[in-house]
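A.B. asks: Mind looking over this structure? Questions follow.
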Amino acid sequence: MSKLRLIIIVLALQAVIFAGIGSYLFYTSYRESILQKDKQHFLTNAMMVKRNLSSFLSQYIKPVRTLSRLEELKKALSRKNPRAVYEANSILDTFQSSLDVDVCYLMDDAGKTIASSNRRDPDSFVGQNFSFRPYFQKAINHQPFTYLALGTTSHKRGAYYSHPVYAPDGSGPVGVAVIKASIEFIESELFNASEQIFVVTDPNGVIFITNKNDWLYRTTRKLNPEIREDLKNSKQFGKGPWTWTGLTFQDQGAVGKQGREYFSLRQDIELFPGWKLIFLQDKKKITSQLHPPLFSASGFFILVFGCLIAVSVLLLYHRASLELKKRTLIEKELRKNEEKYRSIYHNTPAMLHSIDADYKLISVSDYWLEATGYQREEVIGRNLTDFFTPESKELAESTILPSFFKVGKNKDIPYQLVKKDGGIMDISLSCIGILDDHDRIARTLAISVDVTERNLAQKELKEAKEALSRYSKDLERIVRERTREITGILTYTPAIIYIKNEKGEYQLINPRFEKIFNISNAQIQGKSDLDRLPRRVALQLHQNDLQVLKNQEERQFTEWIEQDDGLHTYLSVKFPLYDDHGFIRGICGISTDITELQRTQDKLRKLSKDIISSQEKERAAISRELHDELGQMLTALRMDSVWLENRLRTSHPEAAERAAVMGKHIDKTIDDVRNMSFQLRPGILDDLGLIEALESLVRYFEKRSDMSFVFEHDTCLELEGTKTTALYRIVQEGLTNAVRHSEASRVEIRLFTENGGLCLELTDNGRGFSADAGQSSGFGISGMQERAGLIGGDLRIASNSESGTSIFCTIPLTKTTRTHEQ
């Protein structure tokens, strides 16, 4: 009995021991399975978060590039007037609302914010300078940049996307366009829903994004004073103090400040060199989901009830049931997370797909289908390379895919994909391998980016560069030809040519200038007129330059320069030179020597004056002959005809009648002779002067026309004979034209002095004429202008159909001319 009892006890003890060993082995295996699955879930979740984080951080690169190319921003930077800034603000508002970002703003080349979508907000930073920010420094130097930082004004974290804004002529950046996106989406949508700890750190280990709020702006390692000072000066993460979290990283793990252990995974973030995405999983939370091993939890009961096998089995069964329930809950959570990430997989705006080891598609994202035009059932199970062009298919199957399944990753592989409609899509493919339990690649996770537009733009850019190169060569050739032509003109022209800046300092002179003033281009460079030229000439040139700069228009001047052979007269044309912004940057002068021309004109003027003087003398002689000789003879004939008429009236009436008719003809002839004498040279002009002669001339035209004539004068003048004759002939010609051509009812003549000169004004209310018609119709305009010029005067004519014709003549009064008021 005791042996049996002993045997039973031994068997019971063996059963208990074997049951304990079995329970322990079962629990250990089950625990290892749970840990392995949780680790795989941890890795999958980490990679999914990394992809979504990279997608979020790169999604505004294209929009900011598009924003920087808009003409409204370029105008705001180049003009900087309120209208241009208003249009730029409207564009920034549109982008901010459409992209649902924090703010869009524009900075000039000095880093000053000139336009922003938050200009009306309390935290507006319009007018503030952010030239210290790296995203500005990079972009203004032709490098688009993405930057994570804390706003210095808003104190909100964000991702800054910057791109240079180039000048309209493409010469270089004139400012920077910036889009700031909030990073709260990352923490709220990607991190908070997970039990894992996600941390994004900068190269120094400063935590900038995390779902563990008390770690924000702390560090994953201890910082030395130099790094802390650099962080403080950069203002990237506020003012500090950036305390250490106590984390110490080991192989595939980390230990916290209180000794808490974590599974860890550190990944680089694309576009942000040195930045890390760190994933932490608390080991204690994983093991807490499992009960302690069977022998530790039930050892006391096994020792007490070791012989009760059934109870032990029930306890084991109960334990297994609890573990199964836990596993069911874990699997449910895993399915929930799987559904969540499947939703992210299909809703992410990127072409995602997975293939197995046979290159067959096992999943594609909704965006992949939308981009290619296929239905899901048309692609799942087919070879990925079936959708490639023949060239891409051969490259993928012969080189890329075999290499990938060896190394486990590929990046930026160029392919051409054939869409359902036959269109060709250029894509850039990057992928990673997902391992099975045997560490072999079971499937891939790949992202394809449509680079068709980018490749097309690069092709167009290449063609544009080639065209620009050809155009540049042609332009250089034309510039060389024009330079040779201009150099030849400047070298061989007899004119003086020079260019000055707005300060009056010489920038260029031609050889003629050097010869006239006996000075070289190098000697006068950067010097003013007063520095190098004779004072009298310098003052004259300087004053004329000031008039051009003041009026901002081309002007002509007569200038005098003393040369070896005497004083020369130059006709100078001066005009302002403008820069690209429409501001005057200098002045150019072209001076032509008209000394010989003036001398010739003076000779011609003197000759013309002598001819007219001779004509007047001949007219006066003929007028006297007509008046004195022919007039007296006709008067004698008239007296004889009267005597003959009286003698024959009684004896021969018919003869008396003929004598009377003859007397009338003689009277008419006498009148004609008087008119001819008056037209040739009125004696009153020589005897009584200009005023009386003009009054006589007016009465003469009143008798012979239906017009009303008014002659006004406020001064009696004693002029020399040449001026008196010229003014008389001008009035005579003007009245003759008015009677013959104007169809006017009233003619006014005014003679008065003004500003040291004698003014003659003759106006009518007729139908007028054009200046060209007047010259071509022989109205005597050129004769009047010539007479005015011979006496040093100026004659102008204004005429139109509404107000008639006006003749204005002004002559200078010499000191010998005497005037007195009537």
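A.B. asks: Select from region 427-439 the residues that are closer than 24 Å to residue 44 by Cα and surrounded by 11 or more Cβ atoms within 10 Å (Cβ to Cβ) and list them in ascending order.
C.D. replies: Across region 427-439, the qualifying residues are 428, 429, 430, 431, 432, 433, 434, 435, 436.
A.B. asks: Could you say which residue among 25, 67, 73 is in contact with a Cys (Cβ under 9 Å, 6 or more places away or on another chain) and either open to solvent by less than 50 Å² (accessible area, probe 1.4 Å) or modelled with pLDDT of 65 or more (or both)?
C.D. replies: From the options 25, 67, 73, the qualifying one is 67.
A.B. asks: Follow-up question, since we're still on this one. Restricting region 428-453 to residues that are hydrophobic (A, V, I, L, M, F, W, C) and without any contact (Cβ under 8 Å) to a residue 60 or more places away in the chain, which is nearest to residue 345 (Cα to Cα)? Full working, then the answer.
C.D. replies: First pass over region 428-453, keeping only residues hydrophobic (A, V, I, L, M, F, W, C): 429, 431-432, 434-435, 441-442, 445-447, 449, 451.
Then drop every residue that is not without any contact (Cβ under 8 Å) to a residue 60 or more places away in the chain, which leaves 429, 431, 435, 451.
On the way: 429: 16, 431: 14, 435: 19, 451: 21 Å.
The residue in question is 431.
A.B. asks: Step by step: first the residues of region 136-152, then only those that are open to solvent by 40 Å² or more (accessible area, probe 1.4 Å) and either outside any loop (DSSP other than H, G, I, E, B) or in contact (Cβ under 8 Å) with a residue 24 or more places away in the chain (or both), then the one that is nearest to residue 231 (Cα to Cα). Which residue is that?
C.D. replies: Quick first cut of region 136-152, residues open to solvent by 40 Å² or more (accessible area, probe 1.4 Å) only: 137-138, 141-145, 152.
Narrowing the set further to residues that are either outside any loop (DSSP other than H, G, I, E, B) or in contact (Cβ under 8 Å) with a residue 24 or more places away in the chain (or both) leaves 137-138, 141-142, 144-145, 152.
Working: 137: 17, 138: 18, 141: 23, 142: 25, 144: 23, 145: 19, 152: 13 Å.
Step by step, filter region 136-152, then rank; the result is 152.
A.B. asks: Residues to consider are 684, 670; find the one that is of a type in the set (A, V, I, L, M), closer than 27 Å to residue 806 by Cα and at pLDDT below 80. Can you show your working first?
C.D. replies: Values: 670 fails: closer than 27 Å to residue 806 by Cα.
One residue alone meets the criteria, 684.
A.B. asks: Here is a follow-up. I'd like the full set of residues that are in contact with a Lys or Arg (Cβ under 8 Å, 6 or more places away or on another chain) and surrounded by 15 or more Cβ atoms within 10 Å (Cβ to Cβ), limited to region 539-553. Before you say what the answer is, go through the steps one by one.
C.D. replies: To start, the set of residues in region 539-553 that are in contact with a Lys or Arg (Cβ under 8 Å, 6 or more places away or on another chain) comprises 544-545, 547-548.
Result: 544, 545, 548.
A.B. asks: For region 552-571, name all the residues that are among the charged types (D, E, K, R), part of a strand (DSSP E or B) and farther than 23 Å from residue 502 by Cβ.
C.D. replies: 562
A.B. asks: Determine, yes or no, whether residue 362 is outside any helix (DSSP H, G or I) and either at pLDDT 70 or above or under 30 Å from residue 58 (Cβ atoms) (or both). Walk me through how you get there before you give the answer.
C.D. replies: Values: outside any helix (DSSP H, G or I): yes; either at pLDDT 70 or above or under 30 Å from residue 58 (Cβ atoms) (or both): yes.
So residue 362 passes the test.
A.B. asks: Moving to a separate point now. All but one of (1) more than 18 Å from residue 509 (Cβ to Cβ); (2) basic (Lys, Arg); (3) in contact with a Cys (Cβ under 9 Å, 6 or more places away or on another chain) hold for residue 555; which doesn't?
C.D. replies: Every listed condition holds for residue 555 apart from (3).
A.B. asks: State whether the residues of region 372-383 include one that is free of Cβ contacts under 8 Å to residues at least 60 places away in the same chain, buried (at least 17 other Cβ atoms within 10 Å of the Cβ) and touching a Pro at 6+ places or on another chain (Cβ under 9 Å).
C.D. replies: Scanning region 372-383, I find no residue that is free of Cβ contacts under 8 Å to residues at least 60 places away in the same chain, buried (at least 17 other Cβ atoms within 10 Å of the Cβ) and touching a Pro at 6+ places or on another chain (Cβ under 9 Å), so the answer is no.
A.B. asks: Out of 178, 174, 200, which single residue is open to solvent by less than 70 Å² (accessible area, probe 1.4 Å), more than 27 Å from the chain's Cα centre (by Cα) and in contact (Cβ under 8 Å) with a residue 40 or more places away in the chain?
C.D. replies: Checking each option against the conditions leaves just 200.
A.B. asks: Next question. Given the residues 639, 662, 676, which is the only one that is farther than 22 Å from residue 748 by Cβ, open to solvent by 40 Å² or more (accessible area, probe 1.4 Å) and at pLDDT 80 or above?
C.D. replies: Answer to the check: 662.
A.B. asks: Ok, one more. Any residue at all in region 404-426 that is in a strand (DSSP E or B), charged (D, E, K, R) and surrounded by 14 or more Cβ atoms within 10 Å (Cβ to Cβ)?
C.D. replies: Checked region 404-426: at least one residue is in a strand (DSSP E or B), charged (D, E, K, R) and surrounded by 14 or more Cβ atoms within 10 Å (Cβ to Cβ).
A.B. asks: Let me ask something else about it. Looking only at region 583-602, count every residue that is part of a helix (DSSP H, G or I), open to solvent by 60 Å² or more (accessible area, probe 1.4 Å) and either farther than 16 Å from residue 570 by Cβ or not hydrophobic (A, V, I, L, M, F, W, C) (or both) and tell me the total.
C.D. replies: Result for region 583-602: 6.
A.B. asks: Look at residue 398 and say whether it is open to solvent by less than 60 Å² (accessible area, probe 1.4 Å), farther than 25 Å from residue 59 by Cβ and assigned to a helix (DSSP H, G or I).
C.D. replies: No; evaluated as a whole, the condition is false for this residue.
A.B. asks: Kindly list, by first and then second residue, each pair from a residue in region 552-578 that is under 15 Å from residue 596 (Cα atoms) and of a type in the set (Ser, Thr, Tyr) to a residue that is part of a loop (DSSP other than H, G, I, E, B) and open to solvent by less than 70 Å² (accessible area, probe 1.4 Å), limited to pairs with Cβ atoms under 6 Å and residues at least 6 apart or on different chains.
C.D. replies: If the second residue must be part of a loop (DSSP other than H, G, I, E, B) and open to solvent by less than 70 Å² (accessible area, probe 1.4 Å), the pairs left are 569/594.
A.B. asks: Just checking: which of the strands (runs of 3 or more DSSP E) contained wholly in region 202-271 hold 1 or more residues that are under 21 Å from residue 182 (Cβ atoms) and modelled with pLDDT under 85?
C.D. replies: 207-210
A.B. asks: Pairs under 8 Å by beta carbon, first residue on the phi > 0 side of the Ramachandran plot in region 786-802, partner at pLDDT 80 or above, six or more apart or different chains?
C.D. replies: 792/811; 792/812
A.B. asks: Restricting attention to region 496-512, does a residue exist that is open to solvent by 90 Å² or more (accessible area, probe 1.4 Å) and assigned to a helix (DSSP H, G or I)? Break it down stepwise before answering.
C.D. replies: The first filter runs over region 496-512 and keeps only residues open to solvent by 90 Å² or more (accessible area, probe 1.4 Å), leaving 502-503.
Cutting the leftovers down to assigned to a helix (DSSP H, G or I) gives us none.
Checked region 496-512: no residue is open to solvent by 90 Å² or more (accessible area, probe 1.4 Å) and assigned to a helix (DSSP H, G or I).
A.B. asks: Within region 473-490, is there a residue that is assigned to a helix (DSSP H, G or I) and in contact with a helix residue (DSSP H, G or I) (Cβ under 9 Å, 6 or more places away or on another chain)?
C.D. replies: Checked region 473-490: at least one residue is assigned to a helix (DSSP H, G or I) and in contact with a helix residue (DSSP H, G or I) (Cβ under 9 Å, 6 or more places away or on another chain).
A.B. asks: Take residue 133 and tell me if it is open to solvent by 10 Å² or more (accessible area, probe 1.4 Å) and either touching a residue at least 24 places away in the same chain (Cβ under 8 Å) or polar (S, T, N, Q) (or both).
C.D. replies: So residue 133 fails the test.
A.B. asks: Restricted to region 785-811, and to residues that are out of contact with any Ser or Thr (no Cβ under 8 Å at 6 or more places or on another chain) and under 16 Å from residue 690 (Cβ atoms), which residue is modelled with the lowest pLDDT?
C.D. replies: In this case the residue turns out to be 787.
The values are calculated or read from the model by the stated rules, or taken from the named source; none is laboratory data. Values in this document were obtained by computation on a predicted structure and should not be read as measured data. Methodologically, a virtual Cβ is constructed for each residue, glycine included, from the backbone with ideal geometry; neighbour enumeration extends over all protein chains shown. SASA here: full protein model, heavy atoms, side chains in, ligands and nucleic acids out. Shrake-Rupley method; radii C 1.70, N 1.55, O 1.52, S 1.80 Å.
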